[in-house]
Amino acid sequence: MASPSATDSPEEESTDVPEVTQTETRAAVSRLRAKNTAPGPDGVPGRALVLALKELEPQLRGLFTACLEQGQFPSVWKEGRLVLLRKEGRPADSPSAYRPIVLLDEAGKLLERIIADRLVSHFCREGPCLDENQFGFRRGRSTIDAITRVRALAEETVSRGGVVLAVSLDISNAFNTLPWSCIREALNYHRVPPYLRRTIGAYLEERCVTYGDVTALVGASCRAVFRRDRSWDRSCGTSATTGC
């Protein structure tokens with residue numbers, strides 16, 4: 001059977017949108033509770049949100065379900081606050097001396113986790129078939145599992161008098177340099193439910209990062225349009241464009 005093309009939009013795909021369940025929400029919250037991260041632009045730390053969810057969980061589940069039904073990701077959750085962390089032993093005037101991290105609102109990260117879990121569930125049911133030795137981005141597999149596997153292979157080879165060689169490959173800024181159109185095509189190719197494709201499409205649009213009084217609008221072409229502040233109209237023609 002031929003594989004579906006990247007542009008297929010089969011009509012037989014279900015348009016039903018399952019409601020966000022209490023189980024999904026609590027699974028996302030459990031990961032939020034385990035981390036003590038700095039808050040995003042709204043200033044609400046994860047611990048405060050966890051406490052508030054005791055009262056607000058039904059409303060939040062309703063909001064998340066509405067986002068999935070409408071194929072939307074709220075704009076306020078698409079703004080990140082850039083923080084530069086100084087690396088030890090590097091000259092302060094060198095760009096490589098700083099590690100950039102982007103802080104996002106915790107409520108938006110809950111919706112991200114629910115979407116990610118539904119994607120994983122879809123791929124577990126529908127494929128693609130993954131190599132047995134792939135451990136990344138797979139449910140029930142951890143870094144410890146990967147290390148254990150490598151160690152077992154090494155010990156087995158050495159016990160037979162063989163030599164073990166390891167090759168390491170790191171792709172720098174993999175997500176930052178991947179065209180978002182490729183992500184959309186891959187979701188379509190693997191027949192991800194339409195409601196998830198729409199919501200993820202909205203998630204990728206009009207994202208921005210703020211540092212001080214400067215906001216960078218990140219587009220699908222991985223280029224950023226810088227503004228002096230949020231009130232500066234993007235269409236005024238005075239914005240400068242630079243590569244990510």
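Just to be sure I understand the curve: with the Debye formula and one point per C-alpha of segment 82-186, what is log10 I(q)/I(0) at q = 0.16, 0.22, 0.24 Å⁻¹? Values, matching the q order: -1.12, -1.28, -1.33.
For trypsin sites (Lys or Arg not before Pro), the sites in segment 112-184 that DSSP calls loop and that have at most 16 other Cβ atoms within 10 Å are ARG138, ARG139, ARG141, ARG160. Dipole magnitude for segment 129-185: about 140 debye, using +1 per Lys or Arg Cβ and -1 per Asp or Glu Cβ, origin at the Cα centre. Taking 23 Å as the straight-line reach from the Cα of LYS87, the lysines in range (excluding those fewer than 8 positions away in the same chain) are LYS35. Normalised by 2.2 N^0.38 Å, where N is the number of residues, the alpha-carbon radius of gyration of segment 36-148 equals 1.39. Convex hull volume per residue, computed on the Cα atoms of segment 112-153, equals 69 Å³.
Applying both filters, DSSP loop and at most 12 other Cβ atoms within 10 Å, to the GluC sites (Glu not before Pro) of segment 85-147 gives GLU88, GLU132. Please list, by residue number, every one of the chymotrypsin sites (Phe, Trp or Tyr not before Pro) in segment 43-135 that is coil in DSSP and has at most 11 other beta-carbon atoms within 10 Å. In loop regions of segment 43-135 (DSSP not H, G, I, E or B), there are no sparsely surrounded chymotrypsin sites (Phe, Trp or Tyr not before Pro). Per-residue extension of 0.36 nm, minus the Cα-Cα distance of LEU82 and VAL50, leaves a gain of 9.2 nm for this segment.
A Förster distance of 25 Å, applied to the separation of the beta-carbon atoms of GLU126 and THR148, puts the FRET efficiency at 0.30.
Each reported figure results from applying straightforward, stated rules to the coordinates on display, with no laboratory input. Note that the structure is a prediction, hence the values are computed from the model and not measured. Note that each Cβ is placed from the backbone with ideal geometry, even for glycine, and that neighbours are counted across all protein chains shown.
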